[in-house]
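A.B. asks: I'd like to ask you about the structure that follows.
The values are calculated or read from the model by the stated rules, or taken from the named source; none is laboratory data. As the structure is a prediction and not an experimental result, all values here were calculated from the model. Heads up, the Cβs are rebuilt from the backbone with ideal geometry, glycines too, and the neighbour counts pull from every protein chain shown.
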Amino acid sequence: MSTASGNRQGTATRLRLIKTAERLFATQGFDAVSVRAVNAAAGLGPASVHYHFGTKEDLLTAVLVDLGGAVRDQITANVAELAAGPQPADADALVRAVTGPYLELLLRQRTRGMRWVKIIAQISPEGHPTLEAAGRELQVALLGEVRRTYPEADPARLERRWAISVTSFLQSLSRADEWRRDGGRLSPDELASFHEDLVVFVVGGLERLLAS
């Protein structure tokens, strides 16, 4: 086998493991899924995850980055734009800087995107080390903008209440398709409308939490 062919096969196997893990983590939860289960569901040998990724946590990182890299990059760009503004952003701009890229992802890749959102929603409240490591610099920059908007707020309370706002958004978005009484998933227009209602709700809550 040529080096190029081997590289292509290795890339395909990695993507197969990522997509399999993504599906299992989303439906069963990260803690409940074993490396053995991922390998078996992918139809690969028992050492595949170890060979291609190392640990289960490394596999989770790959899952988060595969779709989440573009989301993180867009949020980073949005936060940089807020930081460059001469005046502090208002609550609406802060929330939309974070939430807009999630909708863009779901409109591009609905099935995989929703799985990714479900995983993020599961591990965010736990402060999972993998998630924190992947977004530490962004989180610092984002909190800096929140503090610029609410300079009178107690720093510890501000961080906690901002986290409550973001977590509420993620938890609700991850369950968007459960709102249809017929059991079907929301159409793109319905999803955009649901997202907008959710953003308005989070903005209102943030203003009450931090401006009071």
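A.B. asks: Mind checking which pairs have a first residue in the stretch 25-47 that is among the charged types (D, E, K, R) and a second that is exposed (fewer than 12 other Cβ atoms within 10 Å of the Cβ), Cβ under 8 Å, 6 or more apart or different chains?
C.D. replies: As it stands, the answer is Arg36/Pro46, since those pairs meet every condition given.
A.B. asks: Additional query: Taking the stated definitions as given, is Ala41 more than 19 Å from the chain's Cα centre (by Cα), outside the structural domain of Gln122 (by TED's automatic domain parsing) and either on the phi > 0 side of the Ramachandran plot or of a type outside the set (Lys, Arg) (or both)?
C.D. replies: The answer is yes for Ala41.
A.B. asks: Inspect the stretch 172-185 for any residue being closer than 15 Å to Ala93 by Cα, in contact with an Asp or Glu (Cβ under 6 Å, 6 or more places away or on another chain) and assigned by TED's automatic domain parsing to the domain that holds Val95 and give the result as yes or no.
C.D. replies: no
A.B. asks: Here's a follow-up. Can you name the number of the only condition in (1) within 30 Å of Pro86 (Cβ to Cβ); (2) touching a Pro at 6+ places or on another chain (Cβ under 6 Å) that Ala163 fails?
C.D. replies: Here Ala163 clears every test but (2).
A.B. asks: Taking Val49 as the residue in question, decide whether it is within 29 Å of Leu170 (Cβ to Cβ) and assigned to a helix (DSSP H, G or I).
C.D. replies: yes
A.B. asks: Can you tell which of Thr27, Thr55 is surrounded by fewer than 20 Cβ atoms within 10 Å (Cβ to Cβ), polar (S, T, N, Q), out of contact with any Asp or Glu (no Cβ under 6 Å at 6 or more places or on another chain) and closer than 16 Å to Gln122 by Cβ?
C.D. replies: That would be Thr27, the only listed residue that is surrounded by fewer than 20 Cβ atoms within 10 Å (Cβ to Cβ), polar (S, T, N, Q), out of contact with any Asp or Glu (no Cβ under 6 Å at 6 or more places or on another chain) and closer than 16 Å to Gln122 by Cβ.
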